[in-house]
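To start, the structure itself, in structure tokens.
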Number of protein chains: 2
Amino acid sequence: MEEVRNYLRHFPEEARELYLNESVPYLDGPVSPLQFYRDWIGPNKPCIIRNAFSDWPALSKWNPAYLRETVGSKVISVAVTPNGYADAVNGDRFVMPEERQMTFSSLLDIIEGKVKSSGVFYVQKQCSNLTEELPQLTEDVQTHIPWMSEALGKLPDAVNFWIGEENAVTSMHKDHYENLYCVISGEKRFILIPPTDRPFIPYELYQPATYKQKQDDSFEIVDEEDSEKVPWIPLDPLNPDLDRYPSYRLARPLYCTVKAGEMLYLPSLWFHHVRQSHGCIAVNFWYDMDYDIKYNYFQLVESLTGAVGSV
Amino acid sequence: MEEVRNYLRHFPEEARELYLNESVPYLDGPVSPLQFYRDWIGPNKPCIIRNAFSDWPALSKWNPAYLRETVGSKVISVAVTPNGYADAVNGDRFVMPEERQMTFSSLLDIIEGKVKSSGVFYVQKQCSNLTEELPQLTEDVQTHIPWMSEALGKLPDAVNFWIGEENAVTSMHKDHYENLYCVISGEKRFILIPPTDRPFIPYELYQPATYKQKQDDSFEIVDEEDSEKVPWIPLDPLNPDLDRYPSYRLARPLYCTVKAGEMLYLPSLWFHHVRQSHGCIAVNFWYDMDYDIKYNYFQLVESLTGAVGSV
């Protein structure tokens, strides 16, 4: 068993020696669909692409005044939490945000500081909320990224709109999507960890629960009593508890800041943790990943990591 | 350890459920470089492509008379073995063929039965022998496959010419190449096993040796005394010793016959065993594989298989 643990401990190092980059590289512009597939999607490596959406009207138009005028009266779903952590571990629970329906204007009131509120507000609904809740804004962007759609031979499953407060944090997790993340204003700070570092990432099982703001503005945590426990990552990469999760020392996170006008290609199954500047606006495209040989191997590594416990 | 063994035993099954085909599919013609990358190279899946080289003069020209006329006087390297098995396990040795230099005409004399010989003759030199030893023949083919070169963004490392007797067999092995195998005349019969079946493939260490034909026409086996032992697959998929290698029962070989005018895409790291019709002529293109995430995961599976022993 120690030998198995040893191999699981060393193959992520070989990944770095073989093909991973030490930081997230920049491309000066989009490349051909074939080249993007061969250099980035195939080998499952992130990059930041500049000048990929310079022609989007959103880049110059999306300010609070325009958004109030265009979609101010629209009702949108906003994640509200006491601490900025939606979908994250809190104590012995996996706590989801209160999903509050409010007008875009009243959200902007909070973000602009015109209305005081307790709690942290974040539009982070990942159900294609741009096309579903805010179709008026789609004229200012594209509803897919043509070279990515051509590379993958399909359209995105979801186009999501993001706006939120500085304290809103997306806790470490991974998605089954090839993700193109376009920052329209402000900046997003990503911590990225490759899927091959899976042996160093702790998962534990948590009772699902939801935040609920009470009359006195404080938050209570309400268990989702009918839900089974879910696996989630308890580790906070900003302040990792290395006594509890010592093998995380062997992980090699990449840090990158995606600025307005830049697009991050976040490959499927990469672990990511996201912060942002206050009021940062972003649009991202989720393309379903291929469940092929890479996924098959990843699932094996996941199972083996579970079998040996901490490496 | 039993749990680890269990995961190694079951993930190849998941590969079949997720993305592998139950047989080798046919394409009616070449597809775009992007589509070929996305559908076959990326997911590491074999296919047979028809009409991929219908314009090669070789298809109509390459018969013994033409070859005698064009390259009859050329000296080529021919693998000579007593039993047709070059580069294969024999007893407790890994035995390589005698590499005999002879003119193309004298090889054709043997293949056409005009001259009796003991031993099995096979032109199987994988050092770009088409371009190196028989450049006169390159006019009748292409020296690379344009859509594959575009897909991979590189030219082939080697273009190999194959001609041999019916008994010549290539024993089960894998290569670090993306392989396009074009049959010009006759047919090749392949047994293909995916890299994810690695846990079911036995390897053992063997003393390298070489066949040497003696004056009396019998063969002796001469050890390569300065060479270290090499790992090779002792199992013969035509007659597997399941008592000795019981886990091979779990492998799922694909069988396919590639006929004249057809091209097999044999993906990197797929195990393959090859037979042929008598006098079959083929040309193959070896493109260096990418040592990326798939290779990294494969190496892990290889190490783990070694660690747990038979699954």
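Here are a few things to note about the model shown:
- Number of the condition not met by B:Arg252 [criteria: (1) basic (Lys, Arg); (2) over 16 Å from B:Arg198 (Cβ atoms); (3) touching an Asp or Glu at 6+ places or on another chain (Cβ under 8 Å)]: (2)
- Residue within the stretch A:240-247 that is touching a residue at least 40 places away in the same chain (Cβ under 8 Å) and either buried (at least 22 other Cβ atoms within 10 Å of the Cβ) or more than 30 Å from B:Met1 (Cα to Cα) (or both) present: no
- Residue check, B:Leu238 over 21 Å from B:Gly186 (Cα atoms), at pLDDT 95 or above and in a loop (DSSP other than H, G, I, E, B): no
- Test result for B:Ser277, in contact (Cβ under 8 Å) with a residue 24 or more places away in the chain, more than 7 Å from every other protein chain (Cβ to nearest Cβ) and touching a Ser or Thr at 6+ places or on another chain (Cβ under 6 Å): no
- Any hit, the stretch B:105-116, residues being assigned to a loop (DSSP other than H, G, I, E, B) and open to solvent by less than 20 Å² (accessible area, probe 1.4 Å): no
- Scanning the stretch B:288-310 for residues that are within 21 Å of the chain's Cα centre (by Cα) and open to solvent by less than 20 Å² (accessible area, probe 1.4 Å), we see that the one that is farthest from the other protein chains (Cβ to nearest Cβ) is B:Met289.
- Check on A:Pro267, more than 29 Å from B:Leu269 (Cα to Cα) and touching a strand residue (DSSP E or B) at 6+ places or on another chain (Cβ under 8 Å): no
- The residue pairs whose first member lies in the stretch B:170-194 and is under 28 Å from A:Asn296 (Cα atoms) and touching a residue at least 12 places away in the same chain (Cβ under 8 Å), whose second member is outside any strand (DSSP E or B) and of a type in the set (S, T, N, Q), and whose beta carbons are closer than 9 Å, counting only pairs six or more residues apart or on different chains, are B:Lys174/B:Ser268; B:Asp175/B:Gln126; B:Asp175/B:Ser268; B:His176/B:Ser268; B:Tyr177/B:Ser268; B:Glu178/B:Ser268; B:Asn179/B:Ser268; B:Pro194/B:Asn44.
- Flag for A:Ala260 being in contact with a helix residue (DSSP H, G or I) (Cβ under 8 Å, 6 or more places away or on another chain), open to solvent by 10 Å² or more (accessible area, probe 1.4 Å) and within 14 Å of another protein chain (Cβ to nearest Cβ): no
- Subset of the stretch B:125-137 (residues that are of a type outside the set (Gly, Ala, Ser) and open to solvent by less than 20 Å² (accessible area, probe 1.4 Å)): B:Asn129, B:Leu130, B:Leu134, B:Leu137
- Within the stretch B:2-13, no residue satisfies the criterion of being of a type in the set (A, V, I, L, M, F, W, C) and either closer than 24 Å to B:Ile48 by Cα or open to solvent by 60 Å² or more (accessible area, probe 1.4 Å) (or both).
- The residues of the stretch B:138-185 that are farther than 28 Å from B:Leu67 by Cα, in a strand (DSSP E or B) and open to solvent by 20 Å² or more (accessible area, probe 1.4 Å), listed by number, are B:His173, B:Tyr177.
- When the residues of the stretch B:14-30 are filtered to those that are at the interface with chain A (Cβ under 10 Å from one of its Cβ atoms) and open to solvent by 30 Å² or more (accessible area, probe 1.4 Å), the one that is nearest to B:Ser310 (Cα to Cα) is B:Glu14.
- Residues that are open to solvent by 10 Å² or more (accessible area, probe 1.4 Å), within 14 Å of another protein chain (Cβ to nearest Cβ) and not acidic (Asp, Glu) occur at least once in the stretch B:45-63.
- Subset of the stretch A:201-225 that is in contact with a strand residue (DSSP E or B) (Cβ under 8 Å, 6 or more places away or on another chain) and not in a strand (DSSP E or B) - its residue that is surrounded by the most Cβ atoms within 10 Å (Cβ to Cβ): A:Ile201
The values are calculated or read from the model by the stated rules, or taken from the named source; none is laboratory data. Fair warning: this is a prediction, and the values are worked out from it, not measured in the lab. Quick reminder, even Gly has a Cβ in these numbers, built from the backbone with ideal geometry, and neighbours come from all protein chains shown. Heads up: the accessible areas ignore ligands, DNA and RNA and are worked out on the full protein's heavy atoms, side chains in. Shrake-Rupley method; radii C 1.70, N 1.55, O 1.52, S 1.80 Å.
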